[in-house]
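The values are calculated or read from the model by the stated rules, or taken from the named source; none is laboratory data. A quick note: this is a predicted structure, and the numbers were derived from the prediction, not measured. Positions of Cβ are generated from backbone atoms using ideal geometry, with glycine treated the same way; all protein chains shown enter the neighbour counts. The area values use the complete protein model at the heavy-atom level, side chains included, leaving out ligands, DNA and RNA. Shrake-Rupley method; radii C 1.70, N 1.55, O 1.52, S 1.80 Å.
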Amino acid sequence: MPLRADELPLHYNCVDILERNLAERGAKDALFSKQRTLTFAQVSAEVNQVGNALRAAGVREGEYVGLLSLDLPEWVTSFFGIVKIGGIAIGMNAMLKPYEYEYILRDARPRVLIVHEKLLAGIEEIRDGLEFLEVVIVIGAAERAGDTTYAAFIEGQSEECVAAPSHRDDFCSLNYSSGTTGEPKGILHAHKDYPITAHNWGVDVMALTEADRTFAGAKLFFTFGLGGNLIFPWYVGASVVLLDGTPRVPSNVLELVDRFKPTILYNAPTGYAATMAMVDLKATYDLSSLRLCVSAGEALPAPIWQQWKELTGLTIIDGIGSTEAFHIFISNWPDDVRPGSSGKPVPGFEVRIVDEEMNDLPQGEVGNLIVKGEATALSYLHQCARSRETFLGEWLFTGDKYRVDEDGYYWHAGRSDDMLKVGGIWTSPVEVESALISHPAVQECAVVAKRDKSDLVKPKAFVLLNPGYDGDEQMQVDLVSHCVEKLSAYKRPRWIEFVTELPKTATGKIQRFKLRG
Ligand code: 3UK
């Protein structure tokens, strides 16, 4: 049975998801990482120290606190420390460029930022202009006078801390998701959203139990990773394994599977494809602890599902989720999978496939997917117009095209905007085009989705060069490296095709849909 919001106490702080374990299994290992292994009691004690230190630094209920870290125990203790005292944790993407951090920080204006030393350079570049930022706490070594280290920040603080009496509808987290114009959209979630999604998908669909140990390629700043690899397992008393490196290198993931023996693995489709491309996978790594795998972020092509099954014997559960909905709302089930589909609606959610006038479409027809559920967000921060287009009363407009087959399985049929999901991460064609256009050789360009040999989407650029430049191989190399300088590397075009003209509307707008192949 789905958990409803009104079944939670009116005053509910989601630090409960950690603390509910203390009485029964305080001494159980809750968190494994290369750096430290912590029990539930140890995590809780450190969370309390962070909470007290933040209060001492003047943080009040309802205040945003920035969190920019690799997936480490400190990410977890900072997150729960912030939410426990009623703050709102901004789980910041560790792969962004300084201009994107500037946008996010200016949008939310946190006074306090907790940042990992390896990510500090991206902040330093923009920091002098951030007049609202007063306290910077560095996980690792601090460089600037006035900054404090995480270790010094919590030192001497009490391991007891009284939680803020948060209302279950109070916001506790803010995550940014990319939009077509490249401007990230801030999405707020409330304390109640955490137990609801944990119960409705983690328990009712995935059947997670205390005996599980989860591990994710998806990072904690992404709600796919946060839910799957922290909130849901701790809701049932299971343990989590954290990876501080990038999941894009498959050996990073496999080494930890081998070492910490998780039972559940979360990854994006590219993660599974890259893993299978490794030679001697099974001879090198022991995957036998795994019982189930999960894929989300973009559609998992059926061939990848099949190959993974043949190679490892393991089932992958594909499910569509979004930051707006917090987590997965249409999912395959461990014992009910239709490969290539997103599965069936998760109990607690209603979904509809509608036309442009919001009329329901007959079974089999492709239309706009809308979803209704109690854990969905209410609006985008500071974006009224886009909020009104997306949050339609009880219904959330996902921006995805879907059809349902005669057996009730839902099939993804692309996006209704031009946005691309590359490796599970948003990529705006406009953003890649702006990077290309800034190269002196480029006159015009258009970026679209193209499928690679694993059937996964990657950016392809059509480029019209200025007179005097040659569309040769060297130019392709130059343009790609130019993009890597300007953008996160995953957004670079994987193919560049030189053209003499781009398809346009009468008003001169490039018709990207005509270039999709
Ligand atoms: C696309 C999928 C097909 C789809 C997410 C699980 O991806 C997550 O959140 P985002 O806000 O993006 C949401 C959009 O991504 N998508 C996600 N999963 C699938 N398309 N099949 C899938 N399985 O366009 C959706 O609207 O980055 C995923 C849990 C939490 C999440 N935040």
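For the stretch 446-467, state whether one or more residues are open to solvent by less than 30 Å² (accessible area, probe 1.4 Å), more than 27 Å from Thr275 (Cα to Cα), in contact (Cβ under 8 Å) with a residue 24 or more places away in the chain and in a loop (DSSP other than H, G, I, E, B).
No; the residues of the stretch 446-467 include none that is open to solvent by less than 30 Å² (accessible area, probe 1.4 Å), more than 27 Å from Thr275 (Cα to Cα), in contact (Cβ under 8 Å) with a residue 24 or more places away in the chain and in a loop (DSSP other than H, G, I, E, B).
Go through the stretch 487-517 and count every residue that is free of Cβ contacts under 8 Å to residues at least 60 places away in the same chain, of a type in the set (Lys, Arg) and under 30 Å from Ala94 (Cβ atoms).
Summing the residues that are free of Cβ contacts under 8 Å to residues at least 60 places away in the same chain, of a type in the set (Lys, Arg) and under 30 Å from Ala94 (Cβ atoms) in the stretch 487-517 gives 1.
Tell me, yes or no, whether the stretch 276-290 has at least one residue that is within 14 Å of the ligand (Cβ to nearest atom) and either charged (D, E, K, R) or assigned by TED's automatic domain parsing to the domain that holds Phe221 (or both).
Checked the stretch 276-290: no residue is within 14 Å of the ligand (Cβ to nearest atom) and either charged (D, E, K, R) or assigned by TED's automatic domain parsing to the domain that holds Phe221 (or both).
In the stretch 2-43, how many residues are open to solvent by 70 Å² or more (accessible area, probe 1.4 Å) and touching a His at 6+ places or on another chain (Cβ under 9 Å)?
Counting residues in the stretch 2-43 that are open to solvent by 70 Å² or more (accessible area, probe 1.4 Å) and touching a His at 6+ places or on another chain (Cβ under 9 Å) gives 2.
Going through the stretch 364-382 one residue at a time, which ones are farther than 19 Å from Arg415 by Cα and either away from the ligand (no atom under 15 Å from the Cβ) or out of contact with any Lys or Arg (no Cβ under 6 Å at 6 or more places or on another chain) (or both)?
Answer for the stretch 364-382, where residues must be farther than 19 Å from Arg415 by Cα and either away from the ligand (no atom under 15 Å from the Cβ) or out of contact with any Lys or Arg (no Cβ under 6 Å at 6 or more places or on another chain) (or both): Gly373, Glu374, Ala375, Thr376, Ala377, Leu378, Ser379, Leu381, His382.
If Leu174 passes every condition in (1) in a helix (DSSP H, G or I); (2) under 22 Å from Leu72 (Cα atoms); (3) under 25 Å from the mean Cα position of the chain (by Cα) but one, which one does it miss?
The failed condition is (1).
Would you please list the contacts, defined by Cβ atoms under 7 Å and residues six or more apart or on different chains, that run from a residue in the stretch 226-255 that is open to solvent by 10 Å² or more (accessible area, probe 1.4 Å) to a residue that is among the acidic types (Asp, Glu)?
Taking only residues 6 or more apart or on different chains, the pairs are Val236/Glu210; Asp244/Asp71.
Give Ile330, Ile304 a once-over and let me know the one that is at pLDDT below 95, β-branched (Val, Ile, Thr), open to solvent by less than 20 Å² (accessible area, probe 1.4 Å) and not assigned by TED's automatic domain parsing to the domain that holds Asp452.
Values: Ile330 fails: at pLDDT below 95.
The unique qualifying residue is Ile304.
Can you tell me which residue within the stretch 411-430, out of those that are more than 9 Å from the ligand (Cβ to nearest atom) and part of a strand (DSSP E or B), is modelled with the highest pLDDT?
Trp411
Sort out for me the helices (runs of 4 or more DSSP H) sitting completely within the stretch 68-132 that have 3 or more residues that are open to solvent by 10 Å² or more (accessible area, probe 1.4 Å).
98-108, 120-127
Do the conditions hold for Glu433, that is, is it in contact with a strand residue (DSSP E or B) (Cβ under 7 Å, 6 or more places away or on another chain), outside any strand (DSSP E or B) and open to solvent by 10 Å² or more (accessible area, probe 1.4 Å)?
Yes: the conditions hold for Glu433.
If you take the residues of the stretch 299-311 that are under 19 Å from Met206 (Cα atoms) and either assigned to a loop (DSSP other than H, G, I, E, B) or among the β-branched types (Val, Ile, Thr) (or both), which of them is farthest from the ligand (Cβ to nearest atom)?
Here the answer is Leu300.
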